[in-house]
Amino acid sequence: MSSREFKHFEDYVDFLESRDPGAVINAMRLVGEREEKKYITYSKNVFIPLCNWCRNLCGYCTFRREDYRLMKEREVKEILLKGDRYGCKEALFTFGERVDENPKVREELKKMGYEGILEYLYHLEDWCLNNTNLLPHTNCGLLEYQELKMLKEVNASMGIMLENSSERLMETVAHRNSPGKDPKKRLEMIENAGKLKIPFTTGILVGIGESSEEIVKSLMDIRKLSEEYGHIQEVIIQNFRSKRGIPMENFKEPSPLRMLKVILVAKMILPPEVSIQVPPNLNRETGQLFLLAGVDDWGGISPITKDYVNPEAPWPEIETLREYTEEAGYRLKERLPVYERYISSEWLSERILKKIYSLYRE
Ligand code: SF4
């Protein structure tokens with residue numbers, strides 16, 4: 001195994017299952033030989049958790065609340081303006097899936113003058129584009145083709161976590177009560193984003209009871225869509241974190257070695273232009289090692305808002321992240337929420353493209 005090339009599905013699975021230290025060293029060498037990266041990128045963002053209700057009940061979730069909160073327009077605008085003053089370039093709008101299936105949320109939206117959450121979202125993103133230098137990125141669970149099409153006008157990029165393409169997990173504590181985590185529907189949305197030429201972020205969640213085969217299959221499914229449509233700009237490899245009170249609180253978190261191997265496998269399976277991202281706030285002790293295994297993006301880092309999905313894990317200061325990155329031999333570089341190769345009329349709405357040219361190009 002230790003000097004073997006990786007070609008087939010089984011090669012990746014065997015590697016993930018292997019207890020041979022030589023296999024890890026071999027994979028690190030293979031990835032290192034293929035890579036020429038100098039920079040590790042990040043996007044300076046603000047986080048807008050528009051509503052923390054969700055129709056799903058994932059076994060690992062700490063974001064969802066039955067006694068939810070829908071952010072008021074004034075609050076959102078304040079965060080956006082503050083982000084603008086701090087030089088942020090990305091406004092990450094995130095909320096639970098189909099929050100307006102909840103009659104109380106629907107009623108509240110109605111009182112505010114909106115038919116549904118996406119109408120409210122569109123209004124806020126339109127305001128963001130008209131009044132700040134921030135570019136919206138939306139991640140709010142499953143969306144239909146027409147909804148993606150509408151939101152493309154006001155988003156620089158969009159995303160949804162695949163989590164895992166295993167149907168089996170729909171029968172387990174992770175996704176048993178989450179109809180929106182049906183991998184067929186998630187893959188269909190990622191495909192629709194490809195058809196609509198939306199620069200896109202997806203990812204897998206590691207440590208939710210999946211097998212090595214299921215990890216490899218998920219990455220291969222993402223690769224297939226990426227090869228067909230070319231729209232996947234980055235893939236997040238996120239580690240499950242156990243938190244008190246969640247249904248999966250007794251699940252073991254993936255070990256650093258497991259994460260390292262999954263990152264190596266992702267790097268070998270995915271097309272070379274697709275970035276691999278790990279959230280640094282969830283990988284403080286191991287993040288530098290993951291850079292050596294192929295990670296080349298830290299994702300959104302907020303100087304002013306916390307990570308509402310993982311509130312116990314504060315974002316590292318950007319200067320701390322710079323030192324951390326440089327110690328591993330790379331340079332930290334800010335990027336926009338849309339990657340450079342997508343900045344063209346082929347991929348972006350006229351409005352977004354104009355804004356990028358007027359603000360961020362010579
Ligand atoms: S879809 Fe997201 S917000 Fe909804 S329950 Fe699952 S993890 Fe929580």
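When the pairs K184/K243; K197/K333; K267/K355 are compared against a 31 Å limit on Cα-Cα distance, K267/K355 fall above it. Of the three principal axes defined by the Cα atoms of the chain, the extents in descending order read 62, 51, 37 Å.
As a calculated quantity, the FRET efficiency between E33 and L81 at R0 = 41 Å, using C-beta atoms, amounts to about 0.30.
In this simple spin-label model, placing a label point 7 Å from the Cα along the Cα-to-Cβ direction at both R65 and R322 gives a separation of 3.5 nm.
In plain terms, the residue of H137, H8 with the fewest other Cβ atoms within 10 Å comes first and the most crowded comes last, giving H8, H137. Put in order of Cβ neighbour count within 10 Å, fewest first, the listed residues H123, H175 become H123, H175.
Taking the longest Cα principal axis of the chain as reference, the axis of helix 21-34 is set at about 60 degrees. By DSSP, the beta bridges lying fully in the range 9-360 are antiparallel in about 5 percent of cases. By the rule of a second cysteine Cβ within less than 4.7 angstrom, the chain holds isolated cysteines at C51, C54, C88, C128, C140. The GluC sites (Glu not before Pro) found in the range 55-141 that occupy coil by DSSP, while having at most 11 further C-beta atoms within 10 Å, are E66, E115.
Using the Cβ-Cβ distance between N250 and D182 with R0 set to 22 Å, the FRET efficiency works out to roughly 0.30. Scanning the chain for trypsin sites (Lys or Arg not before Pro) lying in DSSP loops with no more than 11 further Cβ atoms inside 10 Å, the longest uninterrupted stretch between such sites is 73-243.
Bear in mind that the values in this text are calculations on the coordinates, not laboratory data. From a predicted model like this one, the values you see are computed outputs, not experimental measurements. Counting neighbours? That spans all protein chains shown, and the Cβs are built from the backbone with ideal geometry, glycine included.
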